[in-house]
Amino acid sequence: MAGASGCLRLMAAALLLLVGVALTGADRPRLLGAPVEVDNADNDEGLQRALQFAMVEYNRASNDMYSSRVVRVISAKRQLVSGIKYIMKVEIARTTCPKPATDLQSCSFHDEPQMAKHTICNFVVYTVPWLNQIKLLESSCE
C-alpha cells in the first residue's frame, strides 16, 4: 500500500508542475525539464524551503563567528528533474547573532562597516518533496 500512496504523490507533484508550465504563457516555447524562472521568490514555498536549507548548510560550513542570512534573492530558477532542482543567486549578510542561531529571521544585520559583510552566493538545492529528501548540490560565494 505504501507504494501506491508514493505513486499517487509523485503523480500529483508531476501534475502540479505540468499545470505550472502550462500557465507560464503560450507566447514562450518551453522545453520540458528546462530551468524556469521563479516569478515571486518570496511567495514560493518550495524555493523558500530550499533557500533556508542552503543557508543552514552555508552557516554550518562557515568559519565565521556570526550567522549569515539572506538579504535578497537576485535570481531563482526551478528545474524539474527526477525531483526539483532550485538554482538560486542571493545576496547574504552577516547578522549580529552568534552561531548557532536558531531563528535567523529575527537576527538583525551588522551596521558597523568593519563588521558588515555582504556576499553574493550561488546555491543549487535538489529536493524530492514526496520522499522528504533535500540536498545541497552546489554552494559558491564571492
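The values are calculated or read from the model by the stated rules, or taken from the named source; none is laboratory data. Owing to the predicted nature of the structure, the values given are computational and were not obtained by experimental measurement. Note: ideal-geometry Cβ built from the backbone for every residue, glycine included; neighbour counts use all protein chains shown. Surface areas here come from the heavy atoms of the whole protein model, side chains and all, with no ligands, DNA or RNA. Shrake-Rupley method; radii C 1.70, N 1.55, O 1.52, S 1.80 Å.
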Residue 131 to residue 111: FRET efficiency via 1/(1 + (r/R0)^6), r the Cβ-Cβ distance, R0 41 Å, to the nearest 0.05?
0.45
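Could you provide, to the nearest whole Å², the per residue accessible area of the range 78-122 with probe 1.4 Å?
Accessible surface, normalised per residue, equals 56 Å².
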Applying 1/(1 + (r/R0)^6) with R0 = 30 Å to the Cβ-Cβ distance of residue 65 and residue 43, what FRET efficiency is obtained, to the nearest 0.05?
0.35
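Between residue 102 and residue 119, what length comes free when the chain is fully extended (0.36 nm per residue of separation minus the Cα-Cα distance, one decimal in nm)?
Full extension of this stretch gives 4.0 nm more.
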